[in-house]
Amino acid sequence: MTNPTMLVTGATDGIGLQTALQLAQGGARVLVHGRSEARAVDAVKRLGAAGVKGAVPVWADLSVMAQVTGLAEQVRRHTDALDVLVNNAGVFMTEDERTADGFELTFAVNHFAPVLLTHALLGALEQAPAARVVNVSSVAHARGQVTVADLPVPRAFDGYGVYGASKLLNVLFTHALARRLAARGSRVVTFALHPGVITTKLLEKGFGMAGASVESGARTSVFCATSPRVGASGSYYSDAREVPCAPHANDPALEAAVYEKSCQLVGCAPL
Ligand SMILES: NC(=O)c1ccc[n+]([C@@H]2O[C@H](COP(=O)([O-])OP(=O)(O)OC[C@H]3O[C@@H](n4cnc5c(N)ncnc54)[C@H](OP(=O)(O)O)[C@@H]3O)[C@@H](O)[C@H]2O)c1
């Protein structure tokens, strides 16, 4: 049996680098995503220094949707079948910035890029025997609020509010994706998770605090990517166990509305 192929976005630092390391140590062939070729190649070298062989660098600025599509093309050049996609990359912005696509930057990287990348890679995921899409959300989703009117630019900007909204969008997308994959009889399943409060540059910049180690921060992503003990598609995890998401993340009407609008904005056909 060949080793499973797993893509981790934002694998150049923090939780993502550690997730790539732990997945590789578990036997995966890891595609290591970075924002640039230099960042991705450097991360592969660091993994190599930790004993990882065969990791593959791939790159894209996830705030640019054309580059997200380009990332999917790179991945398809490396593999026909993708066993796991970990949508891990994320930002916390303190300033209101627009991307070239006219999206608010936090929403672009944290929400629109995962939506587009997941759809662009669905063919490769469906070539795998039992693929998983793992969306790294946050407990901050519980404090987030969003409506379709906030897409692609939130009606009001404050860093915490927009970050929380982007993480709520991750959970809503996971539910929408799970529902639609099941309806089309797909073997692909999807999960969302909170990695813990983990010392990384995102935590330091966004929250000005320290947390637990990146080793513990990767644990729930690795669990969702590989464990046979995961629950139903669409479920939410913290500390490597299924927990309830915030009640307002279980809103089928909101979930459908933001899913449809997001697909329209990134230019992919809804499932
Ligand atoms: N740390 C926590 O306590 C915590 C808690 C809850 C959820 N999370 C979530 O965990 C995930 C990982 O965050 P982290 O804490 O590990 O943060 P991090 O150390 O800052 O890592 C973020 C990763 O995303 C990449 N990235 C950011 N913007 C990008 C862009 N435009 N294009 C391509 N890559 C980009 C970064 O690349 P560079 O290295 O080049 O910047 C880095 O590899 C995020 O989704 C975050 O929301 C973190």
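Any read-out appearing in this document is the output of simple, stated calculations on the displayed coordinates, not a laboratory observation. Keep in mind that what you see is a predicted model, and the values were worked out from it rather than measured. Note: ideal-geometry Cβ built from the backbone for every residue, glycine included; neighbour counts use all protein chains shown.
Roughly speaking, what is the stretch gain from Val153 to Ser213, that is 0.36 nm per residue apart minus the C-alpha to C-alpha distance, in nm to one decimal?
18.3 nm
Would you calculate, for the chain, the mean residue ellipticity at 222 nm contributed by helices, counting each DSSP H stretch of 4 or more residues as -39,500 (n - 2.57) and dividing by all residues, to the nearest 500?
-13000 deg cm²/dmol
List every residue whose amide H lies under 5 Å from the amide H of Tyr237, counting only residues 5 or more places away in sequence or on a different chain, with H placed 1.01 Å from N in the peptide plane.
Correct list: Ala192, Leu193, His194, Val243.
Which longest uninterrupted range of the chain lacks any trypsin sites (Lys or Arg not before Pro) assigned by DSSP to a loop state (not H, G, I, E or B) and surrounded by at most 15 other Cβ atoms within 10 Å?
54-154
Between Gln127 and Ala66, what's the calculated FRET efficiency when r is the beta-carbon distance and R0 is 25 Å? Round to 0.05.
Using R0 = 25 Å, I get an efficiency of 0.55.
How big is the antiparallel share of DSSP beta bridges in the chain, given as a percent to the nearest 5?
10 percent
Modelling each spin label as a point 7 Å along the Cα-to-Cβ direction, I'd like the Arg77/Ala232 distance in nm, to one decimal.
Output for this residue pair reads 4.2 nm.
Amide H of Leu31 versus every other amide H placed in the peptide plane: which residues, excluding those fewer than 5 positions away on the same chain, fall under 5 Å?
Residues meeting the criterion, in which the H sits 1.01 Å from N, are Met6, Leu7, Val8, Val56.
Contact order normalised by length for segment 119-263, with contacts defined as Cα pairs under 8 Å and 6 or more residues apart; what percent is it?
Result for segment 119-263 is 29 percent.
Would you please classify the overall shape of the chain from the alpha carbon gyration tensor, given that a ≥ b ≥ c denote the square roots of the eigenvalues, rounded means a/c under 1.5, and beyond that prolate means a/b larger than b/c while oblate covers the rest?
rounded
What is the dipole size for the chain, taken about its Cα centre, with +1 at each Lys and Arg Cβ and -1 at each Asp and Glu Cβ, in debye to the nearest 20?
660 debye
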